[in-house]
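Peer 1: Input: one structure, supplied below.
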Amino acid sequence: LERDAVMRKKFNVHVSGSDIPSPLQDFTELRTRFRCKSYLLRNIAELGFSEPTPIQRQAIPVLLSGRECFACAPTGSGKTLSFVCPILIKLKRASKDGIRAVILCPTKELAAQTTRECRKLTRGSKFRTKLMNKALLRNPDLSKLHGDILISTPLRLRLAIKKRKMDLSKVEYLVLDESDKLFELGLLKQIDSIVKACSNPSIIRSLFSATLPDFVEDLARTIMHDAVRVIVGRKNT
Ligand code: ADP
Ligand code: MG
């Protein structure tokens, strides 16, 4: 659509892939187009976010359309909301059936920060976000862990799978955040075993990063199907 192209140009958003959903005009479209619940719109407003950032405008509708996505946008451009918001809308409500979304972060600090962001966005809902920290890792049986969203480093999550009976078979969304760093840190083996443990065939995977070196893009393509690529600004700056 011409209108989509104009908006992408205005926000310096570059896309590739087939049938790419229209970018968001504003946050109220989350309700009109995607039936977002009021708690989430309220939290977005309370955080002082008046309009979506460029990456949010395009990545949110892509994920909400059930498409896999790899997204590249500068640090500080609001990538967290780009993946948390679609997860919350798609999961609809909290459940006791086990973890349904996993967010992988390269470091413990980033995992803790993402957990805090996620909890701000779930205020007023029953959603529970779990951080895979030392205390949780001491639990000998994580197979019945209560929570909707789990945030972890690859190392800790792999330990939880191998030694703590962590069950990821119900996971519907897997996010690799700061994927350039994840891959640079040589966490391929861990990531691979987590990808395998998330065995639900209809899982939606996404990858977010500040840069998109070719090797990251090549790895991304090995784990995603028919993904939409969204780049804000330029690929490697
Ligand atoms: P990134 O992951 O791209 O580095 P973050 O998701 O950590 O960026 O967001 C950076 C900062 O911008 C955070 O403080 C976040 O609360 C804020 N932020 C996110 N989305 C918006 C928005 N739509 N409007 C204003 N600020 C936002
Ligand atoms: Mg980030």
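Each value in this text was obtained by applying a stated rule to the coordinates, not by laboratory testing. Worth saying up front: this structure is predicted, and the values here are computed from it rather than measured. Positions of Cβ are generated from backbone atoms using ideal geometry, with glycine treated the same way; all protein chains shown enter the neighbour counts.
Peer 1: Per DSSP helix of 4 or more residues, -39500 (n - 2.57); summed, then divided by the residues of the chain. What does that give at 222 nm, rounded to the nearest 500? Write out the running numbers ahead of the final one.
Peer 2: On the way: 11 runs with 101 residues, N = 237.
For the chain, the value works out to -12000 deg cm²/dmol.
Peer 1: Please list, or write none, the aspartates and glutamates whose alpha carbon is within less than 18 Å of the alpha carbon of Lys10, excluding same-chain residues fewer than 8 places away.
Peer 2: Glu2, Asp26, Glu51
Peer 1: Expressed in nm to one decimal, what extension gain is obtained for the pair Glu184 and His225 from 0.36 nm per residue of sequence separation less their Cα-Cα distance? Show your work: numbers first, answer last.
Peer 2: On the way: separation 41, 0.36 × 41 = 14.76 nm, distance 2.26 nm.
Length gained, Glu184 through His225: 12.5 nm.
Peer 1: For the range 166-211, what class follows from the C-alpha gyration tensor (a ≥ b ≥ c being the square roots of its eigenvalues): rounded when a/c is under 1.5, otherwise prolate if a/b is larger than b/c, else oblate?
Peer 2: Values: a/c = 3.14, a/b = 1.59, b/c = 1.98.
In terms of gyration-tensor shape, oblate.
Peer 1: Name the GluC sites (Glu not before Pro) in the range 1-76 that are in a loop by DSSP and that have at most 16 other C-beta atoms within 10 Å, would you?
Peer 2: Values: sites: Glu2, Glu29, Glu46, Glu68; in loops: Glu68.
Listed in order of number, the matching sites amount to none.
Peer 1: Given the options Pro213, Pro21, Pro54, state which has the largest fluctuation in a GNM of the chain using a 10 Å cut-off (strictly under) for Cα springs.
Peer 2: Maximum among the listed residues: Pro213.
Peer 1: Take the chain, mark every one of the trypsin sites (Lys or Arg not before Pro) that falls in a DSSP loop and has at most 16 other Cβ within 10 Å, then report the longest stretch left between them, sites excluded.
Peer 2: 171-233
Peer 1: On full extension of the chain, what length is gained from Lys9 through Arg234, given 0.36 nm per residue of separation minus the C-alpha to C-alpha distance? All intermediate terms of the calculation are to be shown ahead of the outcome.
Peer 2: Details: separation 225, 0.36 × 225 = 81.00 nm, distance 1.28 nm.
Extra length available between Lys9 and Arg234 comes to 79.7 nm.
Peer 1: For His14, which sequence-distant residues (separation of 5 or more, or a different chain) have an amide H within less than 5 Å of its own amide H, given hydrogens modelled in the peptide plane?
Peer 2: Ile231, Val232, Gly233
Peer 1: Among rounded, prolate and oblate, which fits the range 55-205 when a ≥ b ≥ c are the square roots of the eigenvalues of its C-alpha gyration tensor, a/c under 1.5 means rounded, and a/b larger than b/c means prolate?
Peer 2: Working: a/c = 1.44, a/b = 1.20, b/c = 1.21.
Because its axes are fairly even, with a/c under 1.5, the range 55-205 counts as rounded.
Peer 1: About the Cα centre of the chain, how large is the charge dipole given +1 on each Lys and Arg Cβ and -1 on each Asp and Glu Cβ? Please answer in debye to the nearest 20.
Peer 2: Details: 43 positive and 24 negative charges, 226 e Å.
Computed charge dipole of the chain: roughly 1080 debye.
Peer 1: Rounded to the nearest 5, what % of DSSP beta bridges with both residues in the chain are antiparallel? Numbers along the way, then the final one.
Peer 2: Details: 4 of 27 bridges.
So the antiparallel bridges amount to about 15 percent of the total.
Peer 1: Could you give the distance between the Cα centres of the range 8-24 and the range 106-173, to the whole Å?
Peer 2: Using only Cα atoms to place each centre, the spacing works out to 32 Å.
Peer 1: Starting from the Cα gyration tensor of the range 47-132, take the square roots of the eigenvalues, sort them a ≥ b ≥ c, and report rounded, prolate or oblate (rounded when a/c is under 1.5, otherwise prolate if a/b is larger than b/c, else oblate). Please list the in-between numbers first.
Peer 2: Details: a/c = 1.44, a/b = 1.22, b/c = 1.18.
Rounded is the answer for the range 47-132, as its axis ratio a/c remains below 1.5.
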